[in-house]
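The values are calculated or read from the model by the stated rules, or taken from the named source; none is laboratory data. Fair warning: this is a prediction, and the values are worked out from it, not measured in the lab. Cβ: placed from backbone, ideal geometry, glycine included. Neighbour counts: every protein chain shown.
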Amino acid sequence: MKKKIVNSSATREIDSIVKMLGEVFTEIQGAFTKNRLSLKYQQTTSEASKTLRKSLVTFYEAAEEVGGDEALAVQATAINLSKVFYDIMKLSNQVETKVKGKVMFSDEAVAEVNDIFRRTAELLPHVADAMRTCNPLIIAHVDKEVDELRANAANSAVLHEDRLCKGACHPKASIIFMQMLQHLQDILWHFKALVSENGMPGL
């Protein structure tokens, strides 16, 4: 059974961190969809980046307030939340490269990435609920969605290779597309690590 985190300061940090991660993720998806880096996007990613780093450190240090298995659970959660954050930032970098370079994706590629983007963002609150409650039904839901979305990302990579071979996709767009898929898969893997029984290490 996954150890439940009950320390009040730790659970508050989880809520705060997850909320900020969701806001950043939403802005990144918006920038990708609209192919534009809005002022709100720039402010959100810049401010959240600074705040999240501090919050993750504070959350990790909360382990000192508790002992035993709960301290280990706090530390494992902090590490995996940090990995989600850094992969979201890597995803942001790829979107910025696409927008600034005026790199166009095919309609199929945009639809595939947007679907994974949307469903990954929708899954984040469930990940938070699973971390707070350790409810087996919520954990099973997260596991199922993660497996399905990672399979979809892998399938998109195969379909993309076919489009590339047919000349329907530019090589520069191909690199960005594949890296975006990889970062999304990594984020999903960290979601799975966050709700797992032993807080398995992320990638």
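Inspect all residues belonging to segment 55-77 and state whether any of them is at pLDDT 90 or above and surrounded by fewer than 20 Cβ atoms within 10 Å (Cβ to Cβ).
No, that holds for no residue.
Please state which one of 51, 45, 33 is assigned to a helix (DSSP H, G or I), among the polar types (S, T, N, Q) and buried (at least 16 other Cβ atoms within 10 Å of the Cβ). So that I can check it myself, show each step before the final result.
Details: 51 fails: buried (at least 16 other Cβ atoms within 10 Å of the Cβ); 33 fails: buried (at least 16 other Cβ atoms within 10 Å of the Cβ).
Result: 45 is the single residue among 51, 45, 33 that is assigned to a helix (DSSP H, G or I), among the polar types (S, T, N, Q) and buried (at least 16 other Cβ atoms within 10 Å of the Cβ).
For segment 13-54: of the residues being closer than 16 Å to residue 94 by Cβ and β-branched (Val, Ile, Thr), which is farthest from the chain's Cα centre (by Cα)?
33
So that you can scan it fast, the table gives a plain yes or no per residue for (1) of a type in the set (S, T, N, Q); (2) out of contact with any helix residue (DSSP H, G or I) (no Cβ under 9 Å at 6 or more places or on another chain); (3) closer than 13 Å to residue 196 by Cα; (4) buried (at least 17 other Cβ atoms within 10 Å of the Cβ):
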{"residue": "109", "(1), (2), (3), (4)": "no, no, no, yes"}
{"residue": "112", "(1), (2), (3), (4)": "no, no, no, yes"}
{"residue": "119", "(1), (2), (3), (4)": "no, no, no, no"}
{"residue": "122", "(1), (2), (3), (4)": "no, no, no, no"}
{"residue": "128", "(1), (2), (3), (4)": "no, no, yes, yes"}
{"residue": "131", "(1), (2), (3), (4)": "no, no, yes, yes"}
{"residue": "135", "(1), (2), (3), (4)": "yes, no, yes, no"}
{"residue": "142", "(1), (2), (3), (4)": "no, no, yes, yes"}
{"residue": "150", "(1), (2), (3), (4)": "no, no, no, yes"}
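Kindly indicate whether residue 88 is surrounded by 18 or more Cβ atoms within 10 Å (Cβ to Cβ), of a type in the set (A, V, I, L, M) and in contact with a His (Cβ under 9 Å, 6 or more places away or on another chain).
yes
Give just the number: which of (1) over 16 Å from residue 84 (Cβ atoms); (2) free of Cβ contacts under 8 Å to residues at least 24 places away in the same chain; (3) out of contact with any Ser or Thr (no Cβ under 9 Å at 6 or more places or on another chain) does residue 161 not satisfy?
Condition (3) is where residue 161 drops out.
Give the residue that is farthest from the chain's Cα centre (by Cα), with candidates limited to residues of segment 55-70 that are of a type in the set (Gly, Ala, Ser) and outside any loop (DSSP other than H, G, I, E, B).
Filtering segment 55-70 for residues that are of a type in the set (Gly, Ala, Ser) and outside any loop (DSSP other than H, G, I, E, B), the one farthest from the chain's Cα centre (by Cα) comes out as 68.
Identify the single condition in (1) closer than 20 Å to residue 188 by Cα; (2) surrounded by fewer than 18 Cβ atoms within 10 Å (Cβ to Cβ) that residue 14 does not satisfy, given that it satisfies every other one.
Tallying (1) closer than 20 Å to residue 188 by Cα; (2) surrounded by fewer than 18 Cβ atoms within 10 Å (Cβ to Cβ), residue 14 fails exactly one: (2).
Using the structure shown, decide if residue 103 is outside any helix (DSSP H, G or I) and more than 14 Å from residue 13 (Cα to Cα).
yes
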